[in-house]
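For reference, the structure discussed in these notes is given below.
The values are calculated or read from the model by the stated rules, or taken from the named source; none is laboratory data. What you are looking at is a predicted structure, and each value in this text was computed from that prediction instead of being measured. We place every Cβ from the backbone using ideal geometry, glycine too, and count neighbours over all the protein chains shown. Heads up: the accessible areas ignore ligands, DNA and RNA and are worked out on the full protein's heavy atoms, side chains in. Shrake-Rupley method; radii C 1.70, N 1.55, O 1.52, S 1.80 Å.
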Amino acid sequence: MPRKLDLRTGRTVWSAYRAPTVPTSALTRDVKTDVLIIGMGISGAMMAEAMTADGHSVICIDRRGPLKGSTPATTALVQFEIDQPLSTLSKMIGKTSALQAWRRSRLAVTNLAGRIAELGITCSPTRAQSLYLAGTVLGPSELREEADARRQAGIKATYLTPAPLAERYGIDRDGAILSHDNIALDPRKLTAGLLLKALERKAHFYAPVEATAIRDSTDEVVVATKDGPTITARHVVLATGYELVDIVPAAAHQVISTWAIATRPQPRKLWPGTAFIWEASDPYLYMRATTDGRVICGGEDEDFVDEARRDALIADKSARIAEKLGRLFPQLDVRPEFAWTGSFGTTTTGLPYIGAIPRHPRIHAVMGYGGNGITFSQIASELVSASMKGLVDTDAELFAFNP
């Protein structure tokens, strides 16, 4: 059924920070539930918390275990700014749909911040500005147009010319868009916190458990597992990340390779305001700071998925990322204390695919691909929650699979 990937290699920065343990059990017999969630990373965790909050009985399974897939490899820049600029996305899917997508992404970040606060999850959440720097894809004039498009959408955006960009942030670039109210957080602690909240509400976690086949009918879905027991559910949510499942229809997505580094803590050398920074370039560089003053920096994406080839490039890619970081901020010690690589999903539009699979209304897929994976996971938890209540989310069609 699944396409298995070695999702990440190297030592990620989040290994330096202890996350709560999420207990799991062995699946030794056939079981039944309202909702079965396949995958226990950030998407599965958000779904489990939302489903249990709605009063559903929930089972989660994962072939590795909680927090062991792609989640620890994320750099966790939780942004509302979608990979495709609003001005570009408008040309791809129409202005109305593009505005709708950007506004929903903006709302999702706000909702996630509220969710973390309401649940009392300790994951070092901090509000962050972001700077979108002029680059090879959008130069200064295009960035001005992008800032205007965002403002017309009701999304605050300030275009900075080179002088204030240098004075306020110490960055020597031709221009940038300043945005507000993104979130920096620890993704492992967030995922663990959400799963533990679901566990408090009597969810059941089984791992390692590998789903091998899915059979659905008008009133239930039966999932077979590698070791024998079956799980029968009213609904199944596929939160399998970048490991694609055959039942999911072909969409305009691909899995690529990405690399990242993290420095030692150096809080006194960080740029003013420690805004998220990313470039309007392809491939783009992106960076953020941790609460203890490390700099996380990633990029150098390449269009292939060969794990051995990807892993062999860690040293070379880390050196390139560190060099680019050093050119932007000469005062930093850019030597990597952590370096890692991983598989990463992208879509043509930068938007996720979320919703029931065509002709399989009880099987919901969450493909939160693109650079906004955590933001898209929040949107997915909202859309699927509404769907299972028989409600219609006004944005559901925007992210739906085409029949």
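What you get for segment 1-101, charging only the Cβ of Lys and Arg (+1) and of Asp and Glu (-1), is a dipole of about 420 debye around the Cα centre. For segment 81-170, rounded, prolate or oblate, judged on the Cα gyration tensor with a ≥ b ≥ c (square roots of eigenvalues), a/c < 1.5 rounded, else prolate if a/b > b/c? The shape class here is oblate.
Set Lys and Arg Cβ to +1 and Asp and Glu Cβ to -1, take the dipole of the chain about its Cα centre, and tell me which of LEU99, ILE42, PRO162 lies farthest positive. Of LEU99, ILE42, PRO162, it is ILE42.
Ranked highest first by the average count of other Cβ atoms within 10 Å around their residues, in what order do 374-387, 179-192 fall? Could you put the intermediate results ahead of the total?
Values: 374-387: 24.9, 179-192: 22.6.
Answer by packing, highest mean first, reads 374-387, 179-192.
Against the chain, whose longest principal axis is taken from its Cα atoms, helix 42-53 shows a tilt of about 50°.
In this Cβ point-charge picture (+1 for Lys and Arg, -1 for Asp and Glu), the chain has a dipole of about 800 debye about its Cα centre. For segment 316-365, the Stokes-Einstein estimate of translational diffusion at 10 °C and a viscosity of 1.306 mPa s comes to 108 µm²/s, using the Kirkwood hydrodynamic radius over alpha-carbon pairs.
In units of the compact-protein estimate 2.2 N^0.38 Å, segment 323-403 shows a Cα radius of gyration of 1.57. Restricting the calculation to alpha carbons of the chain gives Rg and Dmax of 20.7, 66 angstrom.
Given segment 182-248 reduced to its alpha-carbon atoms as identical point scatterers, what log10 I(q)/I(0) does the Debye formula return at q = 0.15, 0.16, 0.25 Å⁻¹? Values, matching the q order: -0.67, -0.75, -1.24.
Estimated from helices alone, the mean residue ellipticity of the chain at 222 nm is -9500 deg cm²/dmol (sum of -39500 (n - 2.57) over DSSP H runs with n ≥ 4, per residue). Before I look further, what does the chain give for accessible area per residue, probe 1.4 Å, in whole square angstrom? Per residue, the chain has an accessible area of 40 Å².
Return an integer: the convex hull volume of the alpha-carbon atoms of segment 167-313, in Å³ per residue. Please list the in-between numbers first.
Numbers: hull volume 31.5 nm³, N = 147.
Once divided by residue count, the hull of segment 167-313 is 214 Å³.
Placing one identical point scatterer on every Cα of segment 132-233 and ignoring solvent, what is log10 I(q)/I(0) from the Debye formula at q = 0.17, 0.23, 0.24 Å⁻¹? Summing over Cα pairs of segment 132-233 leads to -0.83, -1.22, -1.24. For segment 44-69 and segment 286-336, what is the centre-to-centre distance using only Cα atoms, to the nearest Å? Spelled out, the Cα-based centre of one part sits 31 Å from the other.
Ignoring lysines fewer than eight residues from LYS324 along the same chain, the ones with Cα atoms less than 18 angstrom from its Cα are LYS269. Taking a straight Cα-Cα cut-off under 27 Å and skipping sequence neighbours fewer than 8 places away in the same chain, the lysines within cross-link reach of LYS91 are LYS156. What FRET efficiency comes out for THR394 versus THR212 if R0 is 41 angstrom and r is the Cβ-Cβ distance? Round to the nearest 0.05. The computed FRET efficiency comes out at 0.65. A straight chain from LYS32 to SER124 at 0.36 nm per residue would run longer than the Cα-Cα distance by 29.5 nm. Quick one: helix 140-152 against the long Cα principal axis of the chain, what's the angle to the nearest 10°, folded into 0 to 90? Relative to the chain, helix 140-152 is tipped by roughly 50 degrees. For segment 279-383, the set of trypsin sites (Lys or Arg not before Pro) satisfying both a DSSP loop assignment and a count of at most 11 other C-beta atoms within 10 Å is given as ARG359. Take 103-115, 215-227 and order them by the average number of nearby Cβ atoms within 10 Å per residue, most first; the result is 103-115, 215-227. For the chain, with all protein chains in place and a probe radius of 1.4 Å, 49% of the accessible heavy-atom surface sits on carbon or sulfur. Within a straight-line Cα-Cα reach of under 22 Å, LYS226 can be paired with the following lysines, leaving aside sequence neighbours fewer than 8 residues apart in one chain: LYS4, LYS32, LYS68.
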